[in-house]
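Trainee: To start, I am sharing the structure in question, which I have written as structure tokens.
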Amino acid sequence: MNLFELTKQLMSVPSVSGDEEAVGFFLRDHLVSLGWNVELQPVSEDQNNVIATLNGTPRVWFSTHMDTVPPFIPPTEDDEKIYGRGACDAKGIIAAQITAAERLRKEGIEDIGLLYTVEEERASTGAKAANLHPLAAKCEYMINGEPTDNDLAIGSKGSFRFKIKTHGKAAHSAYPEEGDSAIETLLDILQDIRSTKFPEDEFFGETTVNIGTIDGGLALNVIPPNAEAGFLVRLATKREPIEKALENIVRGRGEIEVLSCSEPVKMVAVDGFPQKVVRFTTDIPHLPNWKNPLLLGPGSILVAHTKDEFVLKSDLEKAVDLYCSLVRKLLTT
Ligand SMILES: [Zn+2]
């Protein structure tokens with residue numbers, strides 16, 4: 001199956017996070033037919049990571065995720081592009097990595113493994129399970145794929161998810177002095193957060209804050225007793241200084257509930273490849289046992305997660321070349 005055909009076949013199997021079983025079976029069958037040894041590593045009752053090797057315990061691995069964000073968008077194409085869910089995030093990447101591995105194999109390089117995880121778009125439970133796999137101990141380089149426009153990402157920002165909840169006192173809205181509005185307290189906190197300049201980092205850049213959700217209140221004629229907002233901070237520093245700053249802002253006016261955190265990570269730089277820092281996070285912070293991460297993939301993060309997701313066919317082909325030259329370089333250093 002050629003590169004574009006494999007991309008489209010992978011894309012035609014829906015695999016929104018939590019529903020990756022079928023695409024895992026498809027990948028297993030495809031890799032077995034090519035002669036790979038394939039293990040399905042259970043993550044939950046119907047979620048499995050796919051782990052494939054050729055001979056023994058590889059030193060260099062390709063990895064990315066099999067799940068996509070909703071909704072499923074079936075693949076279409078024209079001469080230049082493949083469109084649809086997973087085109088660049090990350091099924092085109094899986095296809096490019098397998099095509100690269102097969103090309104290297106024809107050159108006699110079999111020191112390669114493949115790791116495809118579930119649940120990257122949510123809590124990275126697939127990566128957390130993969131981190132405990134015994135083959136991790138032998139890995140010297142993990143080439144992870146996410147859409148980086150085929151540049152080598154040498155750093156990725158962290159991601160810190162939390163909620164702030166405020167509590168007040170319900171009362172008849174005609175008698176506001178009898179109540180205490182949780183929504184007004186929350187708005188004050190939000191305003192303070194919006195006017196705060198969080199610490200930056202020379203390498204990773206700015207820390208940015210998205211107020212992603214707001215909930216609260218009971219009815220138009222009731223002073224609201226409860227409110228909450230959900231945040232995602234793109235971390236350019238470790239979590240600690242940001243959490244401290246938030247505590248100072250909130251100052252007992254509400255409570256902070258941490259949902260998850262991935263710290264920023266630095267990755268391996270290789271001479272001769274265009275390099276940059278990316279603002280999104282990946283499975284890499286959850287795979288510390290798989291030593292020495294690299295990050296590169298075709299397509300743009302700006303179209304990933306949108307209804308217009310696509311990948312240029314020429315970028316897929318270029319990614320195969322880049323993956324092959326990365327592996328040759330890493331195996332000879
Ligand atoms: Zn992705």
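Trainee: Got the relative contact order for the range 158-262 handy, in percent, Cα pairs under 8 Å and 6 or more residues apart?
Mentor: Over the range 158-262, the number comes to 45 percent.
Trainee: Turning to a different aspect of this structure: Express in Å², to the nearest 10, the accessible area of ILE214 obtained by rolling a 1.4 Å probe over the protein heavy atoms while all chains stay in place.
Mentor: The value for ILE214 is about 110 Å².
Trainee: Here's something else I'd like to know. How large is Rg over Rh for the range 122-195, taking Rg from the Cα atoms and Rh as the Kirkwood inverse mean of 1/r across Cα pairs?
Mentor: 1.30
Trainee: Follow-up. How do HIS65, HIS305 stack up against each other in accessible area, from largest to smallest, with a 1.4 angstrom probe?
Mentor: Result of the area sort, largest leading: HIS305, HIS65.
Trainee: Give the residue list of GluC sites (Glu not before Pro) in the range 8-54 that are DSSP loop and have at most 12 other beta-carbon atoms within 10 angstrom.
Mentor: Filter output for the range 8-54: GLU45.
Trainee: Through the Karplus equation 6.51 cos²θ - 1.76 cosθ + 1.60, θ set to phi - 60°, convert the phi angles of the range 236-245 into ³J(HN,Hα) values in whole Hz; use x for Gly and Pro.
Mentor: Values, residue by residue: 9, 10, 5, 5, 3, x, 6, 5, 4, 4 Hz.
Trainee: Just flag the GluC sites (Glu not before Pro) in the range 184-277 sitting in loop per DSSP whose Cβ has no more than 16 other Cβ atoms within 10 Å.
Mentor: Passing both the DSSP loop test and the Cβ count: GLU200, GLU202, GLU206.
Trainee: Measuring from centroid to centroid over Cα atoms, what is the spacing of the range 60-126 and the range 1-38 in Å?
Mentor: With the range 60-126 and the range 1-38 each reduced to a Cα centre, they are spaced 9 Å.
Trainee: Also, I was wondering about something else. Given the options SER181, SER63, SER15, which has the most mean-square fluctuation in a GNM of the chain, springs set between C-alpha atoms less than 10 angstrom apart?
Mentor: Maximum fluctuation in the GNM of the chain, among the listed residues, is at SER181.
Trainee: Excluding residues fewer than 8 places away in the same chain, name every one of the lysines whose C-alpha is closer than 17 Å to that of LYS238.
Mentor: Filter leaves LYS157, LYS197, LYS266.
Trainee: At 1.4 Å probe size, with every protein chain present, just tell me what the per residue accessible area of the range 158-262 comes to in Å². Working shown, then result.
Mentor: Numbers: 6030 Å² over 105 residues.
Value for the range 158-262: 57 Å² per residue.
Trainee: At what distance in angstrom do the alpha carbon centres of the range 209-223 and the range 161-178 lie from each other?
Mentor: Taking the Cα centre of each part, the range 209-223 and the range 161-178 sit 10 Å apart.
Trainee: Using only alpha carbon pairs under 8 Å that are at least six residues apart, calculate the relative contact order of the chain and give it in whole percent.
Mentor: 24
Trainee: For the range 1-133, which semi-axes, largest first and in whole Å, follow from the square roots of 5 times the eigenvalues of its Cα gyration tensor?
Mentor: In descending order the semi-axes read 22, 20, 11 Å.
Trainee: Also: What Kirkwood Rh does the chain have if only Cα atoms enter the pairwise 1/r average? Answer in Å.
Mentor: 21.3
Trainee: Do you know the relative contact order of the range 93-247, to the nearest whole percent, from alpha carbon pairs under 8 angstrom that are 6+ apart?
Mentor: That works out to 23 percent.
Trainee: I've got another one for you. Over its Cα atoms, what ratio of radius of gyration to 2.2 N^0.38 Å does the range 209-288 give? Please report the intermediate quantities before stating the final value.
Mentor: Numbers: Rg = 18.1 Å, N = 80, 2.2 N^0.38 = 11.6 Å.
Normalised by 2.2 N^0.38 Å, the Cα Rg of the range 209-288 equals 1.55.
Trainee: Report the net charge of residues surrounding ASP19, where surrounding means a beta-carbon distance below 9 angstrom and charges are Lys +1, Arg +1, Asp -1, Glu -1.
Mentor: So the environment of ASP19 carries a net charge of -4.
Trainee: Show that you can apply the helix-only estimate: for the chain, add -39,500 (n - 2.57) for every DSSP H stretch of four or more residues, divide by all residues, and state [θ] at 222 nm to the nearest 500.
Mentor: On the way: 7 runs with 90 residues, N = 333.
My calculation for the chain gives -8500 deg cm²/dmol from helical runs alone.
Trainee: Quick one: 3J(HN,Hα) in Hz for the range 156-171, Karplus 6.51/-1.76/1.60 with θ = phi - 60°, rounded, Gly and Pro as x.
Mentor: Going residue by residue, I get 9, 5, x, 9, 10, 10, 7, 10, 10, 10, 10, 10, x, 9, 5, 7 Hz, with x marking Gly and Pro.
Trainee: Next up: Using per-residue counts of other Cβ atoms within 10 Å, averaged over each peptide, order 151-163, 168-180, 118-130 from highest down. Can you show the working numbers first?
Mentor: Details: 151-163: 20.7, 168-180: 13.5, 118-130: 22.2.
Highest to lowest by the protection proxy: 118-130, 151-163, 168-180.
Trainee: Right, something else. Need the list of lysines near LYS163 for cross-linking: C-alpha distance under 16 angstrom, and skip anything on the same chain fewer than eight residues off.
Mentor: LYS244
Trainee: Find the percent of Cα-Cα distances in the range 158-262 that exceed 15 Å, and round it to a whole number. Walk me through the numbers before you get to the answer.
Mentor: Values: 3406 of 5460 pairs.
More than 15 Å apart: 62 percent of the Cα pairs in the range 158-262.
Trainee: What does the charge add up to near ILE223, with Lys and Arg as +1, Asp and Glu as -1, over the other residues with Cβ less than 15 Å from its Cβ?
Mentor: Result for the local shell: -3.
Trainee: List the chymotrypsin sites (Phe, Trp or Tyr not before Pro) within the range 286-333 that DSSP assigns to loop and that have no more than 10 neighbouring Cβ atoms inside 10 Å. It would help to have the intermediate numbers written out before the result.
Mentor: Working: sites: TRP290, PHE310, TYR323; in loops: TRP290.
Answer by residue number: there is no such site.
The values are calculated or read from the model by the stated rules, or taken from the named source; none is laboratory data. Keep in mind that this is a model prediction, so the values were computed, not measured. Note: ideal-geometry Cβ built from the backbone for every residue, glycine included; neighbour counts use all protein chains shown. These accessible areas exclude ligands, DNA and RNA; they are computed on the full protein's heavy atoms, side chains included. Shrake-Rupley method; radii C 1.70, N 1.55, O 1.52, S 1.80 Å.
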